[in-house]
Amino acid sequence: MTVDISHPFTVEGWCAKEELEYLAFLAEKSRCILEVGSWKGRSTSALAAHTPGIVVAVDTWRGSVEHQPELQGRPASGVFYAFRENTSRYDNIWPLLANSATAAKIISHSPLRFDMIFIDASHDYESVKQDIHAWLPLLAPGGIICGHDAYRWGVKLAVKQLIPSYRVVPNTSIWTTEEA
């Protein structure tokens, strides 16, 4: 792959180098991307830097349950401000401050359909299941749905049940419907 992830790799987050490269590779072929769970903008930056189109970034920017100890005693807007600062060089990101279900309802009333959906929000079984159910109807024909943390139990079980044709990208924890 000939993608440049030098900036995204400087942003705090959990996607490894190979995962950012894979997302950038998919973004090059996608004009309308949805990211569910953007945190401080690491993967968002990789997507925005490589798509010829837009990235709709959906998040509450309040963190999942696993982030609460880290965020305790800090301003609620801190993560969103970090996201905006980390992604300020890109003019093709549309942040949508909402939970996943609410955002899906809002967007379902628009003509937007996504050729790439990346799910990386809450990692428990019920949340992943709800995210897939909410967003799959907004995937354009021939589009790719993928997500992070394929080996986490809640993610793995939900994806296995709802997207039986998925595969895990080698050397990553990204699950995808993109054919190898």
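Here are some notes:
- For region 1-50, fraction of C-alpha pairs farther apart than 17 Å, in %: 22
- Note on the chain: Lys pairs 8 or more places apart or on different chains, Cα atoms under 21 Å apart, count 5.
- Residues Ser45, Ser6, Ser30, ranked from the fewest to the most other C-beta atoms within 10 Å, line up as Ser6, Ser30, Ser45.
- Mean Cα-pair separation over length for the chain, i.e. relative contact order, pairs under 8 Å, 6 or more apart, %: 20
- When the square roots of the Cα gyration tensor eigenvalues are ordered a ≥ b ≥ c, the ratio a/c for region 74-180 is 1.5 or more and a/b exceeds b/c, which makes its shape prolate.
- All Cα-Cα distances of the chain, cut into 10 Å bins from zero to the largest, leave 10, 41, 40, 9, 0 percent in each bin in turn.
Values in this text are rule-based calculations from the coordinates and carry no lab data. Bear in mind the structure is a predicted one, so any value in this text is a computation, not a measurement. Glycine also receives a Cβ, built like all others from the backbone with ideal geometry; neighbour counts cover every protein chain displayed.
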